[in-house]
Amino acid sequence: MSRVNFHTHTSRCKHAYGKDEEYVISAIENQYKILGFSDHSCWKYNTGFVSGMRMRLNEFDGYKNSILSLKEKYKDYIEIRFGMEAEYFPKYMEWMLDFCIKEDIDYLILGNHYNKSDELGCYYGHCSYNRINDYFEDCIKGMETGMYAYLAHPELILRSHRWDENIEIGFHRICQKAKELDIPLEYNVLGLQMNMRMNKEMYPHKKFWKIASFYHNKAIIGMDAHQPRDLDAELYDLAFYHLSKYDVEIVKDIPKIDYQKIKKNFNKK
Ligand SMILES: [Zn+2]
Ligand SMILES: [Zn+2]
């Protein structure tokens, strides 16, 4: 089994554990070919807000230096990519685009955790029912920017609400849009671990993947590692086994995103 993972956190987000190098060693031990780091992104807030779940802006240089030096050090053993997991925050997207260009970021993944910004605090993993439409809108608008290599844990809203007709309609919209834009959807393995531990089904959710099968979406396994042992090969293979049952195209790589090109189109708008 050739393994790849583009969803890896570091301790800078304050809820992941271990040294950066320990994630790399774990990935090599578990025979990954590619390891992409995608810690929860920094943002340049207009307010003095300090988020408790992501790196601060002044921690970014340390993150970059660490990942790029590990990339060099282990280049004979594993390919390392340099990314971030970011939300879609409309008022800060132009800043993020410039930042991705300036810092030569390989890719972002869309982790749609908050509406508008986390300064206001509507977390989609724990939100009221009247926010579900915002959740689907943000997923779609985010994907439309072209800035994200894939949509992480597309069923995050199931942490807040049980499956119903409105949620099903929203998932159809997500899958249809992802298909149209050729963006993979993530089969999230941290969620799979949680489902198994709690004996519940939040995400990944079978009904969601049936919808993705209907649209023949591209799918990608994301370990969402918050500690080095989350890169466990058996877990990866279990996820691959589950995902293989659906009529989706499992992809094992993502392209480097051309943020310069996006910027040119951004200015035309
Ligand atoms: Zn996290
Ligand atoms: Zn994540």
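A compact table of results
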item: Separation of the Cys122 and Met198 label points, Cα + 7 Å toward Cβ, nm; result: 2.2
item: With every protein chain in place, the chain: carbon and sulfur % of accessible area (1.4 Å); result: 50
item: Filtered trypsin sites (Lys or Arg not before Pro), region 145-235: DSSP coil and at most 15 other beta carbons within 10 Å; result: Arg162, Lys200
item: Radius of gyration and Dmax over the Cα atoms of the chain, both given in Å; result: 17.4, 50
item: Normalised contact order of the chain, rounded percent, pairs of Cα under 8 Å and 6 or more residues apart; result: 21
item: Accessible area per residue in Å² at 1.4 Å probe, computed on region 3-268; result: 45
item: For peptides 44-52, 75-83, 28-36, sequence by mean Cβ density within 10 Å, most packed first; result: 28-36, 75-83, 44-52
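The values are calculated or read from the model by the stated rules, or taken from the named source; none is laboratory data. Treat the numbers as computed from the prediction; the structure is a model and nothing was measured. Neighbour counts run over all protein chains shown; Cβ positions are idealised from the backbone, glycine included. For accessibility, only protein heavy atoms count, side chains too; no ligands or nucleic acids. Shrake-Rupley method; radii C 1.70, N 1.55, O 1.52, S 1.80 Å.
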